[in-house]
1. Over all residues in B:489-502, what is the mean tally of Cβ atoms on other chains that come within 10 Å of each residue's Cβ?
2. Below 8 Å, C-alpha to C-alpha, sequence gap of six or more: please give me the relative contact order for the stretch B:314-446 in percent.
3. What does the helix-only formula give at 222 nm for chain A: each DSSP H stretch with n ≥ 4 adding -39500 (n - 2.57), the total divided by the residues, and the result rounded to the nearest 500 deg cm²/dmol?
4. Filter the trypsin sites (Lys or Arg not before Pro) in the stretch B:249-304 to those in DSSP coil with at most 15 other Cβ atoms within 10 Å of their Cβ, and list the result.
5. Going Cα to Cα from B:Lys452, which lysines come in below 16 Å? Please leave out same-chain ones fewer than 8 positions away.
6. Go ahead and run the numbers for FRET between A:Tyr16 and A:Thr172, Cβ-Cβ distance against an R0 of 51 Å, rounding to 0.05.
7. Name the residue farthest towards the positive end of the dipole of the stretch A:113-253 from the options A:Tyr192, A:Tyr240, A:Asn215, assuming +1 on Cβ of Lys and Arg, -1 on Cβ of Asp and Glu, about the Cα centre.
8. How much net charge surrounds B:Glu318 when only the other residues with a Cβ under 14 Å from the Cβ of B:Glu318 are counted, with Lys and Arg +1 and Asp and Glu -1?
Amino acid sequence: MSSRSEFLERLEKWGYNLTKAVLELEEPVMEIPARTLSNTIWDEKAKMLKLGPEKMHRRFLDMKEARRFMQTVLMLRLIVEAIREDVYPTIRDLYYNGKHTIVFKDPLGRAHRENTWDEQDESNAVIEDIEVATNVLREEMGVSADVKGKIVGPIVVRSQGYELDASKFGETALSLPVNVDALEIVKVEAAYVLVVEKDAIFQRLVREKFWSQENAILVTAKGMPDRATRRFIRRLNEEYKLPVYVLTDGDPYGWYIYSVYKSGSIKLSYESERLATPEAKFLGLTATDIDAYKISDNYVIAATDRDVKRAQELLRYPWFQKSEWTKEINLFLKKKKKVEIEALSTHGLKFLHDYLRDKIRNKKFID
Amino acid sequence: MYSYEALPVAEWFRRNRELAGFHNSTRALYQTIRELVENSLDATETYGILPTIFLRVAVEDEQKSWVSVYAEDNGIGIPGNEIPNVFGRVFYSSKYRIKQHRGVFGLGLKMVVLYAQSTTNKPVLVRSATLKSDKIYEYQIMIDTNANSPIILDRREYPNKYRWHGTAVKVVLEGNWLGAKKRIEDYLRRTAIIAPYAEIVFKGPDMDLWLKRRTTKLPPAPKEGLPHPKSVDVDTIKQMLLDSRGMTLLEFLTENFDAVGEGTAKAFLEWAGFNPNAKATALTPEELVRLVEKMKQYEGWRRPRADWLSPVGGELLEIGAKAILGAEAVFAVTRKPESYGGHPFIVEAAVAWGGQIPPSDKPLLLRYANKIPLLYDEGADVARKVVDEFHWDNYKVKFPAPLAVIIHVCSTKIPYASAGKEAIAEVAEIEKEMRLALRDAAKKLRLYLSRKEKEMELFNKYITFAKYVDEIAHNLSVITRLEKSIIAQNLHKLIEKKLGTTVDELVKHTLSLTSASQQEEVTEAMAQ
Ligand SMILES: Nc1ncnc2c1ncn2[C@@H]1O[C@H](COP(=O)(O)OP(=O)(O)OP(=O)(O)O)[C@@H](O)[C@H]1O
Ligand SMILES: [Mg+2]
């Protein structure tokens with residue numbers, strides 16, 4: 001593995017090439033692999049999303065790109081400085097570090113004010129651009145994001161010399177660190193990994209001791225998973241061959257979250273090979289479940305226009321073009337009904353456990 | 001038994017003075033200034049003299065609201081022996097010949113004198129000297145309304161040591177200064193727009209105005225001519241016949257009318273069924289009416305000549321509009337001569353844009369006839385209709401807009417809607433020319449506005465890039481440890497290369513296109 005200083009060199013080189021163009025009076029152009037749907041390739045064999053060959057060219061002298069160009073150079077400087085100073089900022093730190101107001105006085109004496117960036121989305125996006133353009137991952141830069149992931153179950157890990165037993169957290173849970181690759185897995189005695197989309201359901205299952213009854217590791221990332229959580233699940237599957245099951249709400253957003261765990265995301269397709277878990281199985285909830293488990297109408301919610309639009313988008317994604325999925329999505333589009341995981345309480349609070357066991361034992365999942 | 005009596009003309013006008021614009025003490029004061037200023041301009045520019053006009057309004061008796069009006073010019077003056085008639089006989093004028101004047105009726109001065117004497121019973125004081133005259137004549141005159149003749153109260157002569165020429169008039173009348181003040185100011189300013197070669201100094205009880213001469217270029221003086229055969233009526237022909245003792249019809253036509261040679265006259269007479277060799281004076285009244293009718297119908301006449309006219313021209317209009325309106329840009333058009341009913345006319349139009357013109361929902365309209373600003377009765381004027389019906393959106397104008405429109409009609413006979421000379425009547429030929437003139441001027445404006453838009457676009461493009469230069473140069477310099485100023489310099493060069501122009505050029509263009517007022521703001525901002 002390369003050291004942080006080698007990554008620094010790569011980042012500096014990229015910055016130097018831009019500067020060199022300027023010094024030679026040529027327009028500086030950044031070549032950045034396009035992180036778009038059209039440049040996302042579904043690798044059927046590897047069962048994951050990969051970054052295609054398309055490159056976009058971010059030019060300084062392009063009315064639509066000038067601002068992004070400035071933002072990218074600014075972010076590059078922030079990251080380079082962080083490595084030089086041997087600090088480990090979060091993406092939020094970088095956002096605040098770089099945020100200031102540019103005041104430009106034009107030759108007519110009028111002042112123009114503009115923030116380098118307004119929302120964190122903007123600074124996050126240029127970090128990802130720099131990653132793909134320089135081929136240095138954020139983790140390799142030493143830049144971290146909030147980690148939302150936590151686990152409970154029969155697993156012991158070592159962090160900075162301390163051994164942590166995830167089965168001894170009572171009603172709380174073990175939070176995953178920023179760099180899960182630095183986390184040493186000491187011992188695993190689990191039968192499988194259950195990934196739960198929602199924190200509330202995760203906490204219920206912890207309190208109800210579902211994990212100890214099942215000898216399973218419970219994981220949640222509270223919605224759309226961050227990279228560290230995905231990476232950790234991938235390790236459990238890859239290094240310890242644990243089956244991975246995913247439980248989400250029964251709507252297009254839940255289904256997409258599952259696909260991110262399994263195949264990777266459009267925005268971060270260049271990271272799929274590290275993050276995706278192609279073996280992950282989808283337990284539910286499905287559109288079919290509404291009838292199959294006789295979910296009471298009280299728990300069934302009408303789909304919004306946005307849900308419908310999202311479902312139609314999923315239908316067009318190659319990685320959803322499997323008969324099981326098209327069947328589910330089309331059923332959803334036909335009935336225009338969705339359910340949350342909480343809907344499983346339709347037959348009493350314990351029914352969630354029965355549902356999970358039924359799905360896992362009888363292999364009623366979607367691959 | 002009925003008793004018949006003729007109402008003397010002067011008496012008739014005294015009783016019906018609102019027809020000539022003397023409705024009340026406000027209008028009368030304004031109209032007095034107008035009549036005097038227009039006579040002064042006629043007496044100067046028409047003869048190649050750069051007009052210098054001095055005006056003063058003073059309160060004479062506050063209780064009775066009597067004011068005096070004094071007007072002095074450097075014109076050709078009035079011969080001493082003509083002064084009494086010029087000031088004391090209605091319809092006495094030197095302007096009946098066919099050429100463009102401001103004055104037309106031979107009435108203006110007399111209305112002033114009549115109104116003054118009927119409200120204050122005071123005579124008009126006149127002092128005048130003609131070009132090279134060695135005497136200055138001074139009169140005090142009133143009008144005998146029943147006899148339509150002057151009453152001379154006083155007459156003096158002075159030696160003209162300094163060869164002064166011009167005319168000075170002073171009248172005392174009942175006038176509402178506060179009511180008329182705004183109109184008078186408007187009138188004088190608008191006069192200065194169309195006559196930027198005039199110097200006009202005005203002193204009022206609480207308003208001084210000095211409208212400086214902006215150019216020494218005068219419009220070409222109009223030539224004098226004979227009437228066009230289509231333009232005369234039966235009475236005029238009768239008048240002409242009095243001076244045509246012994247002429248044949250053929251001779252009468254070729255002598256008295258413009259552009260009528262023997263060939264044209266013969267062809268016409270044959271077409272109309274008259275004997276060319278018949279004595280003109282021998283025409284019966286019926287034949288006379290038929291002759292005039294035929295003259296109006298005949299299509300074989302040459303077009304009326306336009307050198308009797310004196311259009312202002314684009315250059316002068318532009319100077320005037322820029323100076324007085326403070327416009328950022330002015331586009332003027334002088335159309336080719338046209339005619340209606342045998343009277344030649346020319347329409348001029350100018351659109352003035354930006355600068356100190358306040359934006360409004362409708363263009364500000366400045367109407368002129370024979371260089372006279374028309375202030376009242378705008379609604380009755382055909383120009384208002386033309387401007388209102390104009391499709392401004394086709395010319396890149398979006399309201400509210402800082403837009404003023406000048407429309408000037410010059411003609412040997414302006415078809416006024418009334419004797420107050422305040423609005424032009426709807427004459428199809430004139431209306432059409434107004435539309436075309438406005439269209440031609442608006443086309444130039446459109447070109448200007450789109451050029452401006454483009455320059456602005458380029459400037460904004462420059463800003464889009466330039467505002468990031470410092471930030472980018474700083475960051476690259478930290479990353480590479482190279483000199484920031486060199487990176488910044490080169491980035492600026494790259495921008496200039498991309499835009500295909502230098503920043504200095506760009507600023508120069510953009511500045512030339514922004515209005516004067518904005519420029520002031522800019523310099524202020526730069527000074528801070
Ligand atoms: N300031 C002046 N200098 C020289 N001549 C003048 C002056 N004022 C008036 N006159 C002469 O007096 C005549 C009569 O003037 P007046 O104003 O009564 O009639 P007008 O100008 O001919 O027509 P209008 O009724 O339209 O004003 C003019 O035609 C002109 O010859
Ligand atoms: Mg007059």
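The values are calculated or read from the model by the stated rules, or taken from the named source; none is laboratory data. Remember, predicted model here, so these are calculated numbers, not experimental data. When we count neighbours, we look across all protein chains shown, and the Cβ atoms used for this are built from the backbone with ideal geometry, even at glycine. Ligands, DNA and RNA are excluded from the accessible area calculation, which covers all protein heavy atoms including side chains. Shrake-Rupley method; radii C 1.70, N 1.55, O 1.52, S 1.80 Å.
1. 3
2. On the way: 271 pairs, mean separation 42.6, N = 133.
Contact order relative to length: 32 percent.
3. On the way: 14 runs with 150 residues, N = 367.
Computed ellipticity for chain A at 222 nm equals -12500 deg cm²/dmol.
4. On the way: sites: B:Lys266, B:Lys279, B:Arg290, B:Lys294, B:Lys296, B:Arg302; in loops: B:Arg302.
Passing sites in the stretch B:249-304 are B:Arg302.
5. Straight-line reach from B:Lys452, under 16 Å: B:Lys396, B:Lys398, B:Lys443, B:Lys444, B:Lys461, B:Lys508.
6. Values: r = 48 Å, r/R0 = 0.94.
The calculated FRET efficiency here is 0.60.
7. A:Asn215
8. Numbers: positive: B:Arg214, B:Lys217, B:Lys322, B:Lys444; negative: B:Glu315, B:Glu328, B:Glu348.
Taking every other residue near B:Glu318 into account, the sum is +1.
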